[in-house]
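*Asks:* Questions regarding the structure given below will be posed in turn.
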Amino acid sequence: MPRTVSPGLKEALVAQIGNLRAFAVSLCGDRERADDLVQETLFKAWNHLDSFEEGTNLKAWLFTILRNTYFSERRRKKREVEDVDGAYAARLSSIPEQHGHMDMQDFQDALSELPDDQREALVLVGAAGFSYEEAAEISGCAVGTIKSRVNRARRRLADALKLDAADESDDERSETTPVPESRSA
């Protein structure tokens, strides 16, 4: 017999839709696909509410479902042959736009260039507000790994957006203190 769902749990599920959508967009970079991912996530969560323990972190549980759904689909698509009829190539063409939102577009482009694991860690900690511990649980890795990924992602974004410290105090510090080269991810 299905579990009776409390109105509070229903409200909590609905309250997470915006956060789930933002995370989904950061993973796949496509708003329509992100909406589909959120829908699939909520469907899976609803069908498996009996495995959710009330009083635990619903947000982390939903984010884990979304993440696993995304990466499972991605693995499945890698094995498929796409663009037999040229549909994908047709979607690559774009209509010229005005450049009023270049800063945000530059950021989105730089974010999309990050390795998946770094982008995911940065979005979970920096945008979704998860602690390092929660992000590690969602990603299925150690806390230290999440911290490294976030740090590397921030550095790569800063490099890509040319956000190296422009004020004099940073320039003075770089002249007096040698900075060791960091290893790439």
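Bear in mind these aren't lab numbers, they're just calculated from the coordinates by the rules spelled out. Being a predicted model, the structure only gives us computed values, none of them experimental.
*Asks:* May I ask you to evaluate 6.51 cos²θ - 1.76 cosθ + 1.60, the Karplus curve with θ = phi - 60°, for each residue of the range 46-53 and list the ³J(HN,Hα) values in order in whole Hz, giving x for glycine and proline?
*Replies:* For the range 46-53, the Karplus curve yields 4, 6, 10, 4, 5, 8, 8, 9 Hz.
*Asks:* Moving on to the next point. What are the lysines whose alpha-carbon lies under 25 Å from the alpha-carbon of Lys77, with same-chain residues fewer than 8 places away excluded?
*Replies:* Within the straight-line limit of under 25 Å, Lys77 reaches these lysines: Lys44.
*Asks:* Note the full-extension length gain between Lys44 and Ile17 as 0.36 nm times their separation in residues minus their Cα-Cα distance, in nm to one decimal.
*Replies:* Gain on stretching Lys44 to Ile17: 8.3 nm.
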